[in-house]
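> My structure is below; once you've seen it, I'll send some questions.
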Amino acid sequence: MAVTMRWLLAQRDLDLGLRAGAEATDVPITFVITTELSDPTPWLTGGEMVLTTGIGIPPGDEGCREYVHRLTGRGVSALGFGVGVSRASAPSALVAAADEYGLALVDVPLPTPFVAVARTVIDEIARRANRSQVALGRAQQRMTRAAVAGGPSATLRELAVGCGGTALLLDRSGRVVQAHPADVEPAVAREVGEQARAHRAASAVGPVTVSAAAAPGARATIVTQPIRVGDREHGHLGVVLPHEPLATDHVLIGHANSLLALDFERPLRLLGAVR
């Protein structure tokens, strides 16, 4: 989970002012850290918003440029400059460097504590994570009810809706048996089948190019899983996503796989009961 600088700027109580990097305001921010180190990058992992009063930023144009270069090289998402402590505003060299390297830079006014910025980000990320978990639980409930009432086709429909992609059921040879939506590009269906055949015993994630009119040449992601119960292989489940798979996507795919396995096993259980 993350927020963006665009969202953060909309929080009027913080009174942040964008100084540079307008094109980077949609970069995800996953954490906020305060530091006055001249080079904090050894303690960063990427995705952070760095807050500083500028005390540790190397002096001069080249010092500012090197500072921003190091931050962006580490994958830092944004920089907040606390004004009113060492400077009345972010130095022009820092602004120019942020624009050059595409780093969102904001002025943080003196009445806004750094901890208020951090708390706002952390609370919103927690709220989004909780909302995502609630939505995930509801999606699993809908999928289970759909599977009971409508079988594999209903399971695929709920999986496609829940993941925002295309869900495919393949037989043991990797041939598409059912899909939702039904109008899957033949080339995409072939790539799903090839990935399923190449990874018969394990889950796999791989890229694919789609040629749909809405997004010609767009890259998508294929997730495939074998549908197995013990040594019995019933086929494969494939999902084509317009984004990198999220944790919630993997949970829904696994849940759908279990429901499909139950559906395949039902006749075998009934046959065993008759015998």
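The values are calculated or read from the model by the stated rules, or taken from the named source; none is laboratory data. Here the structure is a predicted model, which means the values were calculated and not measured. Cβ atoms come from the backbone with ideal geometry, glycine included; neighbour counts cover every protein chain shown.
> Tell me the residue from L18, L37, L8, L79 that is assigned to a helix (DSSP H, G or I), on the phi < 0 side of the Ramachandran plot and modelled with pLDDT of 95 or more, please.
From the options L18, L37, L8, L79, the qualifying one is L8.
> Another question, then. Which condition does R172 not pass, out of (1) charged (D, E, K, R); (2) under 22 Å from P226 (Cα atoms); (3) at pLDDT 95 or above, if it passes all the others?
If we test R172 against (1) charged (D, E, K, R); (2) under 22 Å from P226 (Cα atoms); (3) at pLDDT 95 or above, just (3) comes out false.
> Do we find that E23 is in a helix (DSSP H, G or I), over 28 Å from the mean Cα position of the chain (by Cα) and at negative phi in this structure?
No: the conditions fail for E23.
Quick grid of which residues meet (1) under 24 Å from A154 (Cβ atoms); (2) of a type outside the set (F, W, Y); (3) in contact with a Lys or Arg (Cβ under 9 Å, 6 or more places away or on another chain):
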residue: R197; (1), (2), (3): no, yes, no
residue: T209; (1), (2), (3): no, yes, yes
residue: H234; (1), (2), (3): yes, yes, yes
residue: G238; (1), (2), (3): yes, yes, no
residue: G254; (1), (2), (3): yes, yes, no
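> Moving to a separate point now. Just checking, which of E66, E23, E100 is loosely packed, with under 14 Cβ neighbours inside 10 Å, out of contact with any strand residue (DSSP E or B) (no Cβ under 6 Å at 6 or more places or on another chain) and over 20 Å from V117 (Cα atoms)?
E23
> May I ask you to list the residues in the range 84-97 that are of a type in the set (V, I, T) and either surrounded by fewer than 19 Cβ atoms within 10 Å (Cβ to Cβ) or modelled with pLDDT under 90 (or both)?
Correct list: V85 only.
> Quick check on A147: is it farther than 30 Å from T4 by Cβ, out of contact with any Lys or Arg (no Cβ under 7 Å at 6 or more places or on another chain) and part of a helix (DSSP H, G or I)?
In short, yes.
> Among the residues of the range 39-50, write down those that are more than 24 Å from the chain's Cα centre (by Cα) and either surrounded by 14 or more Cβ atoms within 10 Å (Cβ to Cβ) or not assigned by the TED database to the domain that holds V108 (or both).
D39, P40
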